[in-house]
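Here is the structure we will look at.
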Amino acid sequence: MIEKQPLAFRVTPETLDDFIGQEEIVGKGTLLRRMIEADRMRPIILFGPPGTGKTSLARIIARTTESNFEKINAVTSGVAEIKKIINETRNSLLNMPGKTVLFIDEIHRFNKAQQDALLPSVEDGTIVLVGATTENPFFEVNKALISRSSVFMLKPLTPENIRQILKKALANKKNGFGSHNIEVTEEALDFLCSYSSGDARIALNALELAVLTTDVSGDGAIRIGVETIQNCLQKKAIRFDKNAEEHYDNISAMIKSMRGSSVDGAIFYLARALYAGEDINFLARRIVICASEDVGLANPTALLVAQSAAEAVRMTGMPEARIILAEAAAYVASSPKSNASYVAIEKALYDVENTDTGTVPMWLRNAPVEGMKEMGYSKGYKYAHDYEGNYVEMQFLPDNIKNNVYYKPTNNGHERKIAEWMEERKKK
């Protein structure tokens, strides 16, 4: 059962149809897919985190192209090896097409002299460069090479992508575990998908280690649970399913900590959620809601901070998103609190749904045409800016509910100023 080659290598996709994830760059009709399928490769640089498919795409190109294909690693190769490949490419006896697709893994490791050695051959088409890097190529790769290449950014795989890859590996009878009786619990798969950080290689390596180190049961099955996967990843399992009670308990504790002005509590439950693989965008949304519902106008800036954090989280992703979320959660938790706006809208909605609230007063209605004015639309409306202090006493609610009060500001934070302003208005 023990194979010489790692599972992650054995189950590498052989065609683009087998490739999972990165739909933005290899989906039907995309530029890169058309280049590969038509064997019309141009210099490209694949940029993204480990385990997202850069090397897999290179292997698919190798299987697809009719050109000579060479692979080197920038860590172990130098100018001499580059020149050797170029010379062999130009030797018609060794390479009839006179062109080589050269895959350079970790191309950012090449120094300037090594990258410069590629330039003339990339320029004249002798070498079709396929570079792979985990670093931003716009900072780490020679600008001349960048200008001659198309850069494709690969993103961390989604948990669903990882699940598909694992399922295929378990079902693959030729290169995976399909010929063996292996049972992996859904909880274990969930944990593995959440904690592989979008890296298929981490997930496959952990699965392989779990299979190889688990004893066969009496009925011939290898059963793998979350504890086994936890040990293989060397990471503690926080037991909550995203759709189960623990999920709701944890997010409830985080929200109540922010509402209760416990910065430590908010940070702890945020950390617990992040460790368990909670969706960072979901966490950002909950902080935004808390900033509005529980902080409100006691500190209007809290909503701006939370909203900015939510956008920053979408832009950056993990692991940096943890810092942004922590900052926003701490700010909301440490802000003065007021739910006056929340209470106000709930009360108003109740009246709209359950009572006869009457109609909009005529003086508040719009009168876009002359005939409507003659019918009384807009008659009696007072333009606030025409009066001292930009305020004028006027009835705004319908007659049926004209004495209702919905918004009652507290004396907390900025809302104290609002309360004082409202009291001053009543005196006029």
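Before moving on, here are some points about what is shown:
- Within the stretch 368-384, residues that are more than 14 Å from GLN395 (Cβ to Cβ) and assigned by TED's automatic domain parsing to the domain that holds GLN395 reach partners that are among the aliphatic types (A, V, I, L, M) and not in a helix (DSSP H, G or I) with beta carbons closer than 7 Å, at six or more positions or on different chains, in the pairs LYS373/ALA367; TYR377/ALA367; SER378/ALA367.
- Residue match in the stretch 129-137 (condition: buried (at least 16 other Cβ atoms within 10 Å of the Cβ), within 29 Å of the chain's Cα centre (by Cα) and among the charged types (D, E, K, R)): no
- Being surrounded by 11 or more Cβ atoms within 10 Å (Cβ to Cβ) and of a type in the set (S, T, N, Q) is a property that does not hold for ASN390.
- Looking across the stretch 283-300, just one residue is buried (at least 22 other Cβ atoms within 10 Å of the Cβ) and either of a type in the set (Asp, Glu) or not assigned by TED's automatic domain parsing to the domain that holds ALA312 (or both), and that is ASP294.
- Checking each residue in the stretch 243-295 for being among the hydrophobic types (A, V, I, L, M, F, W, C) and in contact with a Cys (Cβ under 8 Å, 6 or more places away or on another chain) picks out ILE255, MET258.
- For the stretch 309-340, a residue qualifies if it is loosely packed, with under 15 Cβ neighbours inside 10 Å and of a type in the set (Ser, Thr, Tyr), and exactly one does: THR316.
- Failed condition for ALA344, given (1) in the same structural domain as ILE418 (by TED's automatic domain parsing); (2) surrounded by 12 or more Cβ atoms within 10 Å (Cβ to Cβ): (1)
- Restricting the stretch 368-387 to residues that are modelled with pLDDT of 85 or more and assigned to a helix (DSSP H, G or I), the residue that is nearest to TYR342 (Cα to Cα): ALA384
Listed here are the residues, each with its yes/no results for (1) free of Cβ contacts under 8 Å to residues at least 12 places away in the same chain; (2) in a strand (DSSP E or B).
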| residue | (1), (2) |
| --- | --- |
| SER121 | no, no |
| VAL128 | no, yes |
| LEU145 | no, no |
| GLU187 | no, no |
| ALA203 | no, no |
| ALA210 | no, no |
| THR214 | no, no |
| SER217 | yes, no |
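- The set of residues from the stretch 326-341 being touching an Asp or Glu at 6+ places or on another chain (Cβ under 8 Å) and closer than 21 Å to PHE282 by Cα comprises just one member, VAL332.
- Filter result for ILE25 (within 17 Å of ALA132 (Cβ to Cβ) and among the β-branched types (Val, Ile, Thr)): yes
- Extreme residue, nearest to LYS402 (Cα to Cα), among residues of the stretch 312-354 that are polar (S, T, N, Q), part of a helix (DSSP H, G or I) and modelled with pLDDT of 90 or more: ASN354
- Checking each residue in the stretch 389-427 for being under 24 Å from MET362 (Cα atoms) and charged (D, E, K, R) picks out GLU393, ASP399, LYS402, ARG425, LYS426.
The values are calculated or read from the model by the stated rules, or taken from the named source; none is laboratory data. These numbers come from a predicted model, not from an experiment. A quick note on method: Cβ atoms are made from the backbone with ideal geometry, for glycine too, and the neighbour counts reach across all protein chains shown.
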